[in-house]
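Report on the following structure.
Quick note: the coordinates plus some simple rules give every number you see, no bench work behind them. Quick caveat, the model's predicted, so the values are computed rather than measured. Don't worry about glycine lacking a Cβ; one is built from the backbone with ideal geometry, like all the others, and counts go over all protein chains shown.
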Amino acid sequence: MLTRYQKTGNYTKSNFDEYWRNGFIVLKNLISSEHCDYSNLLARTVANDDFAQIMHLHREEFLVAQCSEKLNSIKNLSDKVLFYQKIKQVAVHYTQLLKFPEIVNYLEWLYQRQMTGLLTNIFFKEPDTKYSKQAWQPHQDNNYLANENGLYITINIPLNYMNEKNGGLKLYPGSHKLGSLDAENKISYRETDGKPGNEIKKKYQWNLFK
């Protein structure tokens, strides 16, 4: 049975209150830098030349579909098999990452319920590529799934150094209290305009929702 407040490490009342006040929390060193480096390295082995977004890295069939162009370009049968084995390796690794105990345990502590992993995603922002300047519009992740209970949770793991200058993530404290907002549907997977995200139609002064 999980306890509500464990006064060790990240399991503190102040962290618990911060999460529910702001709608998010930033935790350091939850995953080792070595694990992040390896995760990044594996994902890059199946990335296309544009370093486009990859969805469902934990599902082999989705990786095969997204790597079809790369697979078709490999003429040697042995090399094709080796690349397919690499796809399987990536899927196994990201399945384990989706179930990473430190993350799952923390979510279950925050919500006091069992959690289920749904999907994995990666964005590269590789310099001088098509998606390097990709900028997401202000949006709500739950706009895509429309979970009526407010139980769709996103975990973001920077696999290398990330800050505001090189393309960091921006969150709006307290905006989770607004509920589901009307949004303009936009293509958010390998889009052409570099501006994905179902953009919130109404303009807000986001700093008011703290």
Query raised in the report: In percent, what relative contact order does the range 1-159 have, based on Cα pairs under 8 Å that are 6 or more apart in sequence?
Result: 28 percent
Query - Lys, Arg +1 and Asp, Glu -1 on Cβ, resulting dipole of the range 108-182 about Cα centre, debye, nearest 20 - result: 180 debye
Report summary line: With the charge dipole of the chain built from beta-carbon charges (+1 for Lys and Arg, -1 for Asp and Glu) about the Cα centre, the Cα from Leu118, His35, Leu171 projecting farthest to the positive end belongs to Leu171
Query raised in the report: Taking the structure as given and computing mean projected area of the Cα convex hull in nm², which label from [x] 13.4; [y] 10.8; [z] 15.7 fits?
Result: [x]
**Report entry** Of the DSSP H helices in the chain, those whose Cα atoms cover at least 30 Å axially and whose Kyte score averages -1.0 or more
**Finding:** 77-98
Query - When each of Lys99/Lys125; Lys99/Lys170; Lys165/Lys195 is checked by Cα-Cα distance, pairs over 22 Å - result: Lys99/Lys125; Lys99/Lys170
**Report entry** the chain - charge dipole about Cα centre, Lys and Arg +1 at Cβ, Asp and Glu -1, debye rounded to 20
**Finding:** 400 debye
Report summary line: In nanometres, the difference between 0.36 nm per residue of separation and the alpha-carbon distance of Ile74 and Arg113 is 9.4 nm
**Report entry** Cβ-placed point charges (K, R +1; D, E -1), dipole of the range 29-89 about Cα centre in debye, nearest 20
**Finding:** 200 debye
**Report entry** Peptides 63-76, 89-102 ordered by average Cβ neighbours within 10 Å, highest first
**Finding:** 89-102, 63-76
Query raised in the report: Along the charge dipole of the range 13-208, Cβ charges K/R +1 and D/E -1, which of Ile155, Val90, Asn105 sits furthest on the positive end?
Result: Ile155
